[in-house]
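Chemist: A single structure is presented below for examination.
The values are calculated or read from the model by the stated rules, or taken from the named source; none is laboratory data. Given the structure is predicted, the values throughout are model-derived calculations rather than measurements. Every residue, glycine among them, receives a Cβ derived from its backbone with ideal geometry; neighbour counts consider all protein chains shown.
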Amino acid sequence: MNTHAGLLAEFLRQRVDESGKTLAVLSKQVGYSTTQLSTHLSGRVPPHSLVVSLIAATVPPALRERREAEAVRLLRDAQHPPRTTARPVVPAQVSAVSLAQVQAEQLQVYERLTRALEQEGELRQAAENSARLVWVLLGMVSTLEDRVRKLTGERDRLADRVAGGELEAAQRRVGRAEEQKATAESELARAREKQRQAEELAARLRQEIETLTDELDRLRGDGPSPHDHLPTLAAASPRPGGERDAEADDIDAALARATAVNDQDADTIDRISTEITGSPVSVPQTQPLVPDNPLTSPDRANKSAVELKEDAEAAAERGDAPEAALLYGALAALSTAYFGLDHEEVLDNRAEHAYWVDEAGDPATARDLYTDVITDRTRVLGPDHEDTLSSRAQFDRWAKEAAGA
């Protein structure tokens, strides 16, 4: 009786059942008749090519490599059963039953270990997403604080000179910026909490993984352990308004993206928490985005990053420096929310923003913006990269202009 062949057959049947495919469908995909498939899935040792083909036909791509390694290991054991150390002589039937029970328990622990590793990987990714989001939102909160101060000053200056519609529009801009700042702060708190929860759950899973690994070693004895074939699942390395206000529109868009990332990671954390503890984690909910200015406002079509970049380039081509500075600033904020600060496109957008701020007549602000660009390009691209050197040359010119040289 080849119990290893039975374990392999059980493993392959599980993959077939999970795929929902019939033997008739699989027969066409793997090149074996339904009778041959039925025989091998009932316990006859299959050829290596059939095992690999069945895994490819029944397992999703994300898990295919791992499942194939498991199947090949089981096939190897079925073809060459591991030698065991001498044991007291016991009736053959009792020995076979006991061995089958131990191996069935091995497979069960192995499946639990595989699932725990997958959950840990998902949680590490959620924690990393939250950490990046915290960084982006901290920058957005700081930017919005400056925007509120700027718009409040403009409103107050208007209040001393004019009244009516222009003043009311200024007040609406201030109110909108204040709402955006509150939303960014809410999402920031939410992202920080999700990061903490994901890290706590991942640490809890790490303890379970160690326990399952030890249990698998115990059941396996001196033979090879299935978890030796498991790769470690490392953590992987945003609209609208009545008046034209591209910067505010795209801040809304960036906040919408932040909310979507928070929602997606919250779902992951809740799902895994329910699987582990039986109850979801309570994640704070954020307030709606600018309730009086919904994302589907009929007053202004929502802008994608591509459309925003086209508008910015068009403004630059016609020499409209204030408009180009405004649009590139919004594009820099939007692309940062999507890609993070170190992405090459983000660095280019930030450099364009600084350039057009200078062209619009504000070399001091351009100098300050470029200080950060130089720091990040040096870190990401290296000190001798042509973009880094160009940034330094531009900075020197703006620093002299800002100093009145």
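Chemist: Search the stretch 49-68 for residues that are hydroxyl-bearing (Ser, Thr, Tyr) and pair each with any residue that is part of a helix (DSSP H, G or I) when their beta-carbon atoms are under 7 Å apart and the residues are at least 6 apart or on different chains.
Modeler: Pairs that qualify, where the first residue is hydroxyl-bearing (Ser, Thr, Tyr) and the partner is part of a helix (DSSP H, G or I), are SER53/VAL30; THR58/ARG15; THR58/VAL16; THR58/GLU18; THR58/SER19.
Chemist: A follow-up question, please. If the requirement is being surrounded by fewer than 17 Cβ atoms within 10 Å (Cβ to Cβ) and small (Gly, Ala, Ser), which of these qualifies: ALA184, ALA189, ALA198?
Modeler: ALA189
Chemist: Moving on. Residues that are closer than 21 Å to LEU255 by Cα and either touching a Gly at 6+ places or on another chain (Cβ under 9 Å) or assigned by TED's automatic domain parsing to the domain that holds ASP252 (or both): does the stretch 352-360 have at least one?
Modeler: yes
Chemist: May I pose another question? Would you be able to say whether some residue in the stretch 46-55 is part of a helix (DSSP H, G or I), of a type in the set (Ser, Thr, Tyr) and at pLDDT below 85? Give the derivation first.
Modeler: To start, the set of residues in the stretch 46-55 that are part of a helix (DSSP H, G or I) comprises 48-55.
From what is left, the residues that are of a type in the set (Ser, Thr, Tyr) are 49, 53.
Right, trim to at pLDDT below 85 and you get none.
Looking for residues that are part of a helix (DSSP H, G or I), of a type in the set (Ser, Thr, Tyr) and at pLDDT below 85, one finds none in the stretch 46-55, hence no.
Chemist: Every residue in the stretch 26-45 that is at pLDDT 85 or above, surrounded by 13 or more Cβ atoms within 10 Å (Cβ to Cβ) and part of a helix (DSSP H, G or I), please.
Modeler: Matches in the stretch 26-45: LEU26, SER27, GLN29, VAL30.
Chemist: When the residues of the stretch 354-384 are narrowed to those that are of a type in the set (Lys, Arg) and within 27 Å of GLU317 (Cα to Cα), which ends up farthest from the chain's Cα centre (by Cα)?
Modeler: For the stretch 354-384, the residue satisfying everything is ARG367.
Chemist: Here's something else I'd like to know. In the stretch 1-24, what residues are surrounded by 15 or more Cβ atoms within 10 Å (Cβ to Cβ), among the hydrophobic types (A, V, I, L, M, F, W, C) and closer than 17 Å to ALA56 by Cα?
Modeler: Passing the criteria: LEU8, ALA9, PHE11, LEU12, VAL16, LEU23.
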